[in-house]
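Heads up, the thing below is written out as structure tokens.
The values are calculated or read from the model by the stated rules, or taken from the named source; none is laboratory data. Treat the numbers as computed from the prediction; the structure is a model and nothing was measured. All Cβ positions, glycine included, derive from the backbone under ideal geometry; neighbour counts span all protein chains shown. We work out accessible area using only protein heavy atoms, side chains counted, and drop any ligands, DNA or RNA first. Shrake-Rupley method; radii C 1.70, N 1.55, O 1.52, S 1.80 Å.
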Amino acid sequence: MKVLVGSPIKQKTNVLEKFLTSLKELEKDDLEIKYIFIDDNDKKESSDSLLSFRRSEENVDIYKLNNVESNYICDSFTHRWSKDIVNKVIDFKNFIIEIAKKEDFDYLFFIDSDLILHPKTLKRLLSLNKEIVSTVFWTKWYPSSMAEPQVWLKDNYTLYDNDYGEEISKDEEEKRKLSFIEMLKKPGTYKVGGLGACTLIDKSSLNKGVNFSRLYNISYIGEDRHFCIRAAALGIQLYVDTYYPAYHIYREEDLEGVDEYKKGNINLDFKINRLNAYNTLKVALEGIGDCGYNKPINRQYLNFFEEDLVSSILFNYNGTIIKDRVKNKREIISYKIIEMNNIDEVKIKVIYSDRGYSNDYSYYKEFFSEFIVKILKNEYKIVSWDNKVEREPIVTPLIRKAKDKGNKLTLSMVVKNEENRFLKEVLISAKEYIDNAVIIDDGSTDNTVDIIEDILKDIPYRLIKNEESKFSNEVSLRRQQWDETIKINPDWIVFLDADEIFEDKFKDYIRVLMENTEVDGYLFRLYDFWDENHYRDDSLWCAHNTYRLFLIRYQENYNYLFKETAQHCGRIPYNCINLPYFITTLRLKHYGWARVQDRIEKYNRYMKLDPKGEFGSLEQYKSILDKNPSLTLWEENNM
């Protein structure tokens, strides 16, 4: 890989010497490096330092391009850049870009001559495979100010993000700025809006036309601003890497910190190793834990483990996971890295959770384990996994039944005197997708029971006959319905009244719905039909605009609760909605209002049982007899 290292230089000799030493210390391995320096020094000693560097290193070119004197002020307070100086730097940097393109370099690495680099900087930046990426460094732009990064998010030097036109307070600005700064203090690679001074540029970006020339309609002074805006306009993403921050000798007194910075780099190597070791462990441990009887362990995660550990992991997979039909997810809850004397070994104590399903029931477990990760030539390998101890979770989730195959669907229903209504059509439709049924006959005096026994004679069903109707106290009736239904320990229950029919395509999708182990209920829209082909659609009759539970998975370990009201208590426990559910686009047709005589009968019943509208809407009760309701034509959708 060919890398051109370029730097325009007008520098104090003592600062320049530190910079050049830093370049020599960069890890280069098999890289093909060439250096280009633009010597703009006004001190012979600084020019001599460049010549000395050329004698000690290979492939060093030194150019003198511009002898125009410029008034560059660098003192103990700050740096002052004039327009002439910036223009000269633009010419220098663009000159280096043209050489990089002409000589077909893979990368161009621009470095300011007052920076000290960590030896791993160049190799780290190259490993990221970014079009343009800078190493972060921190500077107190004024002696009394807070150290800030040389990268920014927007405009000239805005260190916080905000949407176009968004107005935020000063406090919010400061909060977002501090959040950005804190992020940059954590090792990582982050997208930014502006960067400079220590920047790696790949060949593709050079060929797209990035350069430092002024954009005529931008008033920012610094050449890096124009470079970054042009890059963004060309569709190039800008990044900063914070793994190995550089050290900025912004003022001469900052020279005193160079030795401390280099000593700190040794500790930084420990820190980076520890971080990479943990990241490797997290990926590997959670990766092998994301598996099941129908999802083998991914071999790429096993590659992070020593061979003996791989054997143990696979033995467990081929045993317990297959035998018990396990589907597992793993997550690290917390970790602690233990200091060790050997930089090439990292000990990590971890608490992690396993959650999933075994033999059709959910489980949640937490474990404490200790791992040792070894580092060899930037490869991280887990060599020890000890003390796998299960611990008591702070909160234990509900143990859920969650079969993915072989689920049976139970129809649960209450009926009364349905002989001349819709019961026959409802049962014929339901029989196409149910496996069994539990039906409460609430004191029928007609042939309702005969219809049930005739249509359901080919499938298992339980029919409970109430000698006296309980409907005047609906919660008592619904509790009875629930208690009788769960006596058979059902998998899934569909709750239908004797005048409700799912649209035709329901039977084609119901088995797929029941296979989802993450869900304990499905919500549907219900349409109140006012005749055979139209449903009512107005402000009082708009149930089809909301979603309700009609299909649930029965959980034997859940404490189901009913709404304790005499009317409108709901056909299923109200807290079913607290279990995981999905919304479906499947629709349910309700024919309870489709005949005039039924509407009159229900109106009279509601006015008798709830004359003040305590349990429902009095206005809705009265609207039942509207002579010209708003109706919409039903369209059956079989797609």
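Tabulated data
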| item | result |
| --- | --- |
| Conditions (1) within 32 Å of the chain's Cα centre (by Cα); (2) farther than 26 Å from S412 by Cα; number of the one not met by N575 | (2) |
| Boolean, N294 is without any contact (Cβ under 8 Å) to a residue 24 or more places away in the chain, surrounded by fewer than 19 Cβ atoms within 10 Å (Cβ to Cβ) and either on the phi > 0 side of the Ramachandran plot or of a type in the set (S, T, N, Q) (or both) | no |
| Residue selected from segment 150-202 under the condition under 28 Å from V3 (Cβ atoms) and among the β-branched types (V, I, T), by the criterion surrounded by the fewest Cβ atoms within 10 Å (Cβ to Cβ) | T189 |
| Selection status of N545, touching a residue at least 12 places away in the same chain (Cβ under 8 Å), touching a Leu at 6+ places or on another chain (Cβ under 9 Å), of a type in the set (S, T, N, Q) and open to solvent by 30 Å² or more (accessible area, probe 1.4 Å) | no |
| Set I348, I322: member being open to solvent by less than 30 Å² (accessible area, probe 1.4 Å) and either farther than 23 Å from Q555 by Cα or under 28 Å from the mean Cα position of the chain (by Cα) (or both) | I348 |
| L126 being open to solvent by less than 10 Å² (accessible area, probe 1.4 Å), at pLDDT 90 or above and not aromatic (F, W, Y) | no |
| Matching residues, segment 377-394, being open to solvent by 100 Å² or more (accessible area, probe 1.4 Å) and among the polar types (S, T, N, Q) | N378 |
| Elements of type strands (runs of 3 or more DSSP E) in segment 1-114, at least 1 residues being touching a Cys at 6+ places or on another chain (Cβ under 8 Å), open to solvent by less than 10 Å² (accessible area, probe 1.4 Å) and modelled with pLDDT of 90 or more | 107-111 |
| Selection from segment 260-287 of residues that are of a type in the set (A, V, I, L, M, F, W, C) and open to solvent by 10 Å² or more (accessible area, probe 1.4 Å) | I266, L268, F270, L275, V283 |
| Segment 577-614: number of residues that are more than 30 Å from K401 (Cβ to Cβ), of a type outside the set (D, E, K, R) and in a loop (DSSP other than H, G, I, E, B) | 6 |
| N557 being in contact (Cβ under 8 Å) with a residue 40 or more places away in the chain, open to solvent by 80 Å² or more (accessible area, probe 1.4 Å) and touching a strand residue (DSSP E or B) at 6+ places or on another chain (Cβ under 9 Å) | yes |
| Qualifying residue in segment 24-42 (condition: more than 45 Å from the chain's Cα centre (by Cα), farther than 21 Å from L65 by Cα and of a type in the set (A, V, I, L, M, F, W, C)) | no |
| Enumeration of residues in segment 381-436 that are among the polar types (S, T, N, Q), at pLDDT 90 or above and at positive phi | N417 |
| Cβ-Cβ under 8 Å pairs, at least 6 apart or on other chains, segment 412-436 side within 11 Å of V494 (Cβ to Cβ) and aromatic (F, W, Y), far side open to solvent by less than 20 Å² (accessible area, probe 1.4 Å) and at pLDDT 95 or above | Y433/L409; Y433/F506; Y433/I510 |
| Selection status of N637, loosely packed, with under 12 Cβ neighbours inside 10 Å, within 27 Å of F506 (Cβ to Cβ), within 32 Å of the chain's Cα centre (by Cα) and touching a residue at least 12 places away in the same chain (Cβ under 8 Å) | no |
| Test result for R536, over 22 Å from I399 (Cα atoms), open to solvent by 30 Å² or more (accessible area, probe 1.4 Å), at pLDDT 95 or above and of a type outside the set (G, A, S) | no |
| Single residue of segment 420-474 satisfying the filter (polar (S, T, N, Q) and part of a loop (DSSP other than H, G, I, E, B)) that is surrounded by the fewest Cβ atoms within 10 Å (Cβ to Cβ) | T445 |
| Failed condition for I337, given (1) surrounded by 15 or more Cβ atoms within 10 Å (Cβ to Cβ); (2) closer than 22 Å to Y293 by Cα | (2) |
| Flag if A233 is modelled with pLDDT of 95 or more, open to solvent by 50 Å² or more (accessible area, probe 1.4 Å) and under 30 Å from D106 (Cα atoms) | yes |
